[in-house]
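What follows is a set of notes on a single structure, which appears directly below.
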Amino acid sequence: MSEMKNKQSLDRRGFLKVASLGSAAAAASVAPGIVTPAQAYNPGKEETKGRYRETDHVKAFYRTNSY
C-alpha cells in the first residue's frame, strides 16, 4: 500500500513539474511578439500646473502639527 501512495505522489510531482515548464515556455514564446518600443508620456499643461493652495485649513493643519 505504501508503494502505491509513493508512486502516486511522484506522478503528481512529475505532472506539476511538466506543467510549470510548459507554461513558462508558452509565456516565453508569446512575449517577443508583444514588446513595443517605449514612448514618452506627455502630461500636458493641465496636469503640470501648480495646484497647491495655502488655504485656512492647510494653515490649521500646519499649526496643529508643528510644521
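No value in this document is a laboratory result; all are computed from the given coordinates. Keep in mind that this is a model prediction, so the values were computed, not measured. Here the Cβ is made from the backbone with ideal geometry for all residues, glycine too, and neighbour counts use every protein chain on show.
For segment 15-22, the Karplus equation 6.51 cos²θ - 1.76 cosθ + 1.60, evaluated at θ = phi - 60°, returns couplings of 4, 5, 5, 5, 5, 5, 5, x Hz by residue, with Gly and Pro reported as x. Peptides 36-44, 56-64 ranked from most to least packed give 56-64, 36-44, packing being the mean of other C-beta atoms within 10 angstrom over each peptide's residues.
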